[in-house]
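Input: a single structure, listed below in structure tokens.
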Amino acid sequence: MLPLRQFACSWWSCLLNSRAPCVKTLVHGDQRRLFNTSNSRMTIMPAWVIDRYGSNDVLRFTKNAGFPIINYPNEVVVQVHAAGLNPIDVSMRGGYGAATMAMKRDPLNINQSGSEFPLILGRDMSGVIMECGLDVAPAYFKEGDEVWAAIPPWKQGSLAEFVVLSANEVSKKPKCLSHIEAAAVPYVAATAWSALVNTGGLNKDNCAKKRILILGGSGGVGTFSIQMLKAWGAHVTVTCSQNAERLVRGLGVDHVVDYTAGPVEVPLRALEKFDLVLDNVGGDTESWALGLLKPWCGAKYVTLVTPFLRNTDRLGIADGMLQTGVTVASKALKHLSKGVHYRWGMFAPNGLALDDISEMVDAGKIRAVVEEEFTFSQVPQAMLKVEKGHARGKTVVKISSGEDSAE
């Protein structure tokens, strides 16, 4: 066992060092093991936070955000180099999903209402690992590794200098992408993977020659899904506006239907039926989209527009989940009687999926689409860009705190 005086000297020397993590050695028998602990001086960091839900004016820059610490041995601390913004960030800024996220953060309801504040938004991240928990195998991750991740919405986000994540949520960044480019991919990639692979049952081995329809193909999830499905050999049809047709054709789609030219279901019904429909639009599409599937062939309709969070916000957790269960079960049974499967797709953090996606990116099968880059001081402008829905590619914020003051 390490002598107490030697350990105390090691600990005290770390307190006197700079912002770098402290590395100590524990000796047990013939085995040595390094472990890290955050320097006590690293208690605050720059970040954009919100102290209440509302419009864009609730965003506040602070240099005194709490520094994230490792609470579990499978976690890592990552220094954020770039963060991507998504429509979910705008929705969360306004309080969407607050009831469910509060339950996820505090399952036993120990904390008081409003304990999630100050809240840091941002679901996409690309950066460098600064510290690893005791159970993070060096064979997978170590300090200095460049990584990317899609941050779960119940965790503090990426509009900050540092973030703490589970190692299961993190993946090695594609070598061919810069941090700016990499920050455009993880959240939409994880969402598309959850919908198409986990829910839709597609993969690289069974996708060849399948007919896939993507409703709303020019958004973030749509453009990523196109590339992944084409890399797996599927026949892909998308709906989009005429202005976005050039974008989706550049990604390799086989057929495009312009929804601004008239009722979009009319030209779609004239096409051969599909093996899977991915719905990014919602609304009244359910009334006709399931009729486009091949009956009694295992065909699936997967929608990413679900009432789950809206129900829990409106009715509370218990009643909201009950209402949601009744809704999805009744719809699934209704359409199963017609020979097609009705499913809901939802975002799920998945580091293993990002491993596969990283390989596809480095192989040139998937590319990042960054429309505009903002500095750390321009987070409010970046959020407005996403809120107005003008972005075709991803809006990315370069995190350069220390060099780029928001004041």
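Annotations for the structure displayed:
- Every condition in (1) surrounded by fewer than 23 Cβ atoms within 10 Å (Cβ to Cβ); (2) outside the structural domain of Asn280 (by TED's automatic domain parsing) holds for Leu159 except the one numbered (1).
- Residue in segment 395-405 that is of a type in the set (Ser, Thr, Tyr), modelled with pLDDT of 90 or more and not assigned by TED's automatic domain parsing to the domain that holds Ala65 present: no
- Residue ranges of strands (runs of 3 or more DSSP E) in segment 6-108 with at least 1 members at pLDDT below 50: 22-28, 31-37
- Unique residue being surrounded by fewer than 13 Cβ atoms within 10 Å (Cβ to Cβ), in the same structural domain as Gly84 (by TED's automatic domain parsing) and either within 23 Å of Ile399 (Cβ to Cβ) or in contact (Cβ under 8 Å) with a residue 24 or more places away in the chain (or both) when the list is Gly144, Gly133: Gly144
- Residue count for segment 142-162, restricted to those that are of a type outside the set (Lys, Arg), farther than 25 Å from Ala102 by Cα and more than 17 Å from the chain's Cα centre (by Cα): 4.
- Filtered residues of segment 275-300 (kept if out of contact with any Ser or Thr (no Cβ under 9 Å at 6 or more places or on another chain) and hydroxyl-bearing (Ser, Thr, Tyr)): Ser287
- Pairs linking a residue in segment 159-180 that is hydroxyl-bearing (Ser, Thr, Tyr) to a residue that is in a loop (DSSP other than H, G, I, E, B), with Cβ atoms under 8 Å and 6 or more positions apart or on different chains, are Ser166/Tyr72; Ser166/Asn74; Ser166/Pro349.
- Every condition in (1) among the hydrophobic types (A, V, I, L, M, F, W, C); (2) within 24 Å of Gly339 (Cβ to Cβ); (3) outside the structural domain of Val340 (by TED's automatic domain parsing) is met by Leu276 except one, and the failing one is (3).
- When Asn206 is tested against (1) at pLDDT 95 or above; (2) polar (S, T, N, Q); (3) crowded, with 18+ Cβ neighbours inside 10 Å, just one condition goes unmet, and that condition is (3).
- Here Ile151 meets the list (1) closer than 26 Å to Pro174 by Cβ; (2) modelled with pLDDT under 90 almost entirely, failing just condition (2).
- Considering segment 163-183, the residues that are closer than 18 Å to Thr375 by Cβ, of a type in the set (A, V, I, L, M, F, W, C) and surrounded by 21 or more Cβ atoms within 10 Å (Cβ to Cβ) include one that is nearest to the chain's Cα centre (by Cα), namely Ala183.
- Filter pass, Val277 being touching a helix residue (DSSP H, G or I) at 6+ places or on another chain (Cβ under 6 Å) and of a type in the set (Val, Ile, Thr): yes
- For segment 144-185, filtering for residues that are in a strand (DSSP E or B), over 23 Å from Leu309 (Cβ atoms) and not aromatic (Phe, Trp, Tyr) leaves 7.
- The one condition in (1) modelled with pLDDT of 95 or more; (2) part of a loop (DSSP other than H, G, I, E, B) that Ala368 fails to fulfil: (1)
- Yes/no for Gly233 being touching a helix residue (DSSP H, G or I) at 6+ places or on another chain (Cβ under 7 Å) and on the phi > 0 side of the Ramachandran plot: no
- For segment 344-381, the set of residues classified as more than 30 Å from Thr285 (Cβ to Cβ) and either crowded, with 20+ Cβ neighbours inside 10 Å or in the same structural domain as Ile151 (by TED's automatic domain parsing) (or both) consists of Gly351, Ser358, Val361, Glu373, Phe374, Thr375, Phe376, Ser377, Gln378, Val379, Pro380, Gln381, listed by residue number.
- Of the strands (runs of 3 or more DSSP E) entirely within segment 191-285, those holding at least 1 residues that are in contact with a Phe, Trp or Tyr (Cβ under 6 Å, 6 or more places away or on another chain) occupy 211-215, 235-240, 276-279.
- Applying a threshold of 6 Å to beta carbon distances and a minimum spacing of six or more residues, or different chains, the list of pairs starting in segment 239-256 at a residue that is closer than 21 Å to Leu292 by Cβ and ending at one that is of a type in the set (Asp, Glu) and buried (at least 17 other Cβ atoms within 10 Å of the Cβ) reads Val256/Glu245.
- Residue count for segment 75-113 under the criterion of being among the small types (Gly, Ala, Ser) and without any contact (Cβ under 8 Å) to a residue 12 or more places away in the chain: the result is 2.
The values are calculated or read from the model by the stated rules, or taken from the named source; none is laboratory data. In this text the structure is predicted, and so the values were computed from the model without any measurement. Ideal geometry is used to build each Cβ from the backbone, glycine not excepted, and the neighbour counts take in all protein chains shown.
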